[in-house]
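Q: Mind having a look at this structure? Questions to follow.
The values are calculated or read from the model by the stated rules, or taken from the named source; none is laboratory data. Quantities reported herein were computed from a predicted structural model and do not represent experimental measurements. FYI the Cβ positions are ideal-geometry reconstructions off the backbone, even for glycines, and counts take in every protein chain you see.
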Amino acid sequence: MAEKMIIEVIGPGCPFCRTLYKRVKEVVSEKGIEADVPHPHQQGEPCMMERIRQGIVQAFWMVVLSVITGALFNLVRPAGIPFVGDWSPKAVTELHAGGLEIVHVDNAFALLSKEKALFIDSRETEAYTGGHIPGSVNIPPEQAAERLEEVRIMLKTGKTLIAYCYDVDCPLSADLVKNLRDLGVGPVKVMPEGWTGWLDRGYPYE
């Protein structure tokens, strides 16, 4: 009777709390322990299942807000990523290097083997230091203006000048070539497969 009165006063609670409360009362009674077992809903506190439910709801709305924020940011970016489209290597190459001259990795290696190519590694200096195509120089896109004379000297050799970065998804080499082109220096071609494609073929590096 006392138990029923307590539950009626503080509210029925969720099935989980009612079961837990009942079981605790039974154990206390079986062990002959004299103890006051407070109901989980005393003092208006939410039960465990209610707290879990609230946490899930809050997490859901945080994810929704993040997705909406990201989508809005992508829409206002000048080079925003399309939500639906062709993400094949060919399409991604066109996205990054559209309008630029392309040299694929096998042809680039063939030119290097004949000593008819020079390479520009457009990755960060740390990545370049960790390994690069033999003879390549490191020029990230943001250094294009200050390295113009160096690029001009490379072009005067008459060899094909090829820029590369990480892989087909990396825009750094295309950005570098565009920067150089805007500054009146070229032609410099892009190897879309990048450093990853070069290693995948087992070609030499240093």
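Q: Just for helices (runs of 4 or more DSSP H) wholly inside segment 59-150: which have at least 3 residues that are modelled with pLDDT of 90 or more and under 18 Å from Tyr205 (Cβ atoms)?
A: Numbers: elements: 89-97, 105-113, 125-129.
In segment 59-150, the matching helices (runs of 4 or more DSSP H) lie at 105-113, 125-129.
Q: Considering only residues that are outside any strand (DSSP E or B) and touching a helix residue (DSSP H, G or I) at 6+ places or on another chain (Cβ under 7 Å), which ones fall in segment 151-168? Steps first, please.
A: Filtering segment 151-168 down to residues outside any strand (DSSP E or B) leaves 151-159, 165-168.
Within segment 151-168, Val151, Cys165, Tyr166, Asp167, Val168 meet the criteria.
Q: If Val190 meets every condition in (1) in contact with a Leu (Cβ under 7 Å, 6 or more places away or on another chain); (2) over 23 Å from Gly99 (Cα atoms); (3) surrounded by 22 or more Cβ atoms within 10 Å (Cβ to Cβ) apart from one, which number is that one?
A: All conditions are met except number (2).
Q: Considering only residues that are touching a Pro at 6+ places or on another chain (Cβ under 8 Å) and free of Cβ contacts under 8 Å to residues at least 60 places away in the same chain, which ones fall in segment 120-152?
A: Correct list: Ser122, Glu124, Thr125.
Q: Condition first: free of Cβ contacts under 8 Å to residues at least 60 places away in the same chain and over 22 Å from the mean Cα position of the chain (by Cα). Now tell me which residues in segment 161-180 satisfy that.
A: Across segment 161-180, the qualifying residues are Leu161, Ile162, Ala163, Asn179, Leu180.
Q: A further question on this structure: Return the only residue of Leu148, Leu176, Leu155, Leu172 being out of contact with any Lys or Arg (no Cβ under 7 Å at 6 or more places or on another chain) and either more than 23 Å from Ala110 (Cβ to Cβ) or exposed (fewer than 14 other Cβ atoms within 10 Å of the Cβ) (or both). Reasoning before the result, please.
A: Values: Leu176 fails: either more than 23 Å from Ala110 (Cβ to Cβ) or exposed (fewer than 14 other Cβ atoms within 10 Å of the Cβ) (or both); Leu155 fails: either more than 23 Å from Ala110 (Cβ to Cβ) or exposed (fewer than 14 other Cβ atoms within 10 Å of the Cβ) (or both); Leu172 fails: out of contact with any Lys or Arg (no Cβ under 7 Å at 6 or more places or on another chain).
Leu148 is the lone residue from the list that is out of contact with any Lys or Arg (no Cβ under 7 Å at 6 or more places or on another chain) and either more than 23 Å from Ala110 (Cβ to Cβ) or exposed (fewer than 14 other Cβ atoms within 10 Å of the Cβ) (or both).
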